[in-house]
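Reading through the structure tokens given below for one structure.
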Ligand SMILES: *Cc1c(COP(=O)(O)O)cnc(C)c1O
């Protein structure tokens with residue numbers, strides 16, 4: 001009999017999306033007429049199609065496979081040079097200098113934020129925000145790691161800051177945050193970088209929503225902060241920024257200067273370790289997908305992505321304006337597709353879910369699914385259509401006015 005990884009016994013069952021689906025469909029069955037009126041503002045998936053530029057490049061990628069002269073087999077595990085260069089140029093445009101050799105193309109940020117645990121041994125003090133994207137906590141539990149939570153709450157605008165009296169080895173940050181939409185400013189990220197350098201810690205920075213940052217004062221990359229090259233890894237994704245949730249592409253930046261001393265005294269480079277890890281366990285992102293990804297970072301590609309982001313942000317503004325008018329306290333919604341509101345009338349997040357479903361047939365995501373601190377909050381997303389978002393907010397107005 002195999003001895004199993006019994007750490008899996010310590011995982012909390014993720015009831016979130018199945019429970020949402022279950023409650024929604026059982027309501028619709030019992031109330032067919034109202035069920036037909038349901039508006040879904042809970043999805044964490046994009047809905048706008050890919051842009052023309054990307055589609056053309058994807059088609060070119062497919063066509064290249066049709067003849068022996070241009071056919072591509074296994075590619076470099078790190079990603080094609082052209083794609084890495086395009087990403088490096090994109091960083092440069094945003095004022096950040098990144099060596100293309102620090103960039104690793106992947107099939108998405110979920111895999112990389114999970115797989116990165118391969119680089120770390122046992123016994124680390126690991127800080128993870130609460131609430132946050134559940135992948136960080138679950139992948140650490142799978143390895144049997146203990147997690148220390150960084151409390152995000154209304155008092156700190158869901159942007160927890162370092163406690164200088166507490167040591168840390170590994171720090172996860174997600175900005176703009178899923179689910180709260182909160183985004184760290186330069187001063188705050190500088191404090192985190194200084195804390196990491198002082199502790200000889202590494203920051204694992206999830207920037208999956210960087211393209212939603214429109215305030216030029218807010219950093220879109222941890223590497224916009226001085227010293228971050230010595231203490232941070234950044235995870236990015238084309239999923240939410242370029243509509244690649246189904247196409248699959250992300251990239252991870254592991255700077256070459258990111259080095260730590262092993263117990264043997266050997267100096268270990270995280271860039272070299274990640275390279276080794278990827279070459280051993282990953283055979284590269286599809287050539288076709290990388291062709292499409294490359295042009296996401298072209299002038300035309302960026303313009304097309306921004307059109308979709310502008311569309312989503314108009315939805316976010318409709319939601320934010322409605323909640324403001326109703327006096328419902330919320331976070332996010334400006335530099336993020338997420339709006340995180342405090343459940344009215346002291347409801348907990350699941351009661352709020354039922355209340356919205358039964359009274360106005362609007363489905364969202366209960367905050368409890370993202371951590372203890374989410375239990376009185378509710379997430380709405382801007383990924384729906386403009387028309388449905390407007391209608392949902394009209395219903396909100398009638399319900400809470
Ligand atoms: C959606 C999301 C990702 C991952 O996306 P991929 O589709 O795997 O690239 C990563 N981090 C956060 C916070 C997300 O919300």
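The values are calculated or read from the model by the stated rules, or taken from the named source; none is laboratory data. No experiment lies behind these values; they were computed from the predicted model shown. Because the Cβ atoms are built from the backbone with ideal geometry, glycine has one as well, and the counts that use them run over all protein chains shown.
If the condition is being farther than 27 Å from residue 243 by Cβ and either within 11 Å of the ligand (Cβ to nearest atom) or under 19 Å from the mean Cα position of the chain (by Cα) (or both), then region 193-216 contributes 202, 203.
Give, as residue ranges, the strands (runs of 3 or more DSSP E) completely inside region 227-332 that count at least 1 residues that are surrounded by fewer than 16 Cβ atoms within 10 Å (Cβ to Cβ).
259-261, 267-269
Residue 79 falls short on exactly one of the conditions (1) in a loop (DSSP other than H, G, I, E, B); (2) within 16 Å of the ligand (Cβ to nearest atom); (3) over 21 Å from residue 302 (Cβ atoms), and that condition is (3). Whenever a residue of region 105-124 is farther than 17 Å from residue 137 by Cβ and within 9 Å of the ligand (Cβ to nearest atom), its partners that are at pLDDT 95 or above and part of a helix (DSSP H, G or I), lying with C-beta atoms within less than 9 angstrom and at least six residues away or across chains, give the pairs 106/112; 106/115; 106/278; 107/289; 108/239.
Got a number for residues in region 357-401 being over 23 Å from the mean Cα position of the chain (by Cα) and in contact (Cβ under 8 Å) with a residue 24 or more places away in the chain?
Count: 18.
The set of residues from region 166-181 being more than 12 Å from the ligand (Cβ to nearest atom) and either within 22 Å of residue 270 (Cβ to Cβ) or surrounded by 22 or more Cβ atoms within 10 Å (Cβ to Cβ) (or both) comprises 167, 168, 169, 170, 171.
Might you let me know whether region 55-77 holds any residue that is touching a residue at least 60 places away in the same chain (Cβ under 8 Å), within 22 Å of the chain's Cα centre (by Cα) and surrounded by fewer than 20 Cβ atoms within 10 Å (Cβ to Cβ)? Scanning region 55-77, I find no residue that is touching a residue at least 60 places away in the same chain (Cβ under 8 Å), within 22 Å of the chain's Cα centre (by Cα) and surrounded by fewer than 20 Cβ atoms within 10 Å (Cβ to Cβ), so the answer is no. So which of 145, 115, 94 ends up being modelled with pLDDT of 95 or more and over 16 Å from the mean Cα position of the chain (by Cα)? Step by step, each of 145, 115, 94 is checked, and only 145 is modelled with pLDDT of 95 or more and over 16 Å from the mean Cα position of the chain (by Cα). Look at (1) in a helix (DSSP H, G or I); (2) closer than 30 Å to residue 310 by Cβ; (3) out of contact with any strand residue (DSSP E or B) (no Cβ under 8 Å at 6 or more places or on another chain); (4) modelled with pLDDT of 95 or more and you find that residue 37 fails only one, number (1). In the set (1) more than 23 Å from residue 280 (Cβ to Cβ); (2) touching a helix residue (DSSP H, G or I) at 6+ places or on another chain (Cβ under 8 Å); (3) assigned to a helix (DSSP H, G or I), the condition left unmet by residue 139 is number (1).
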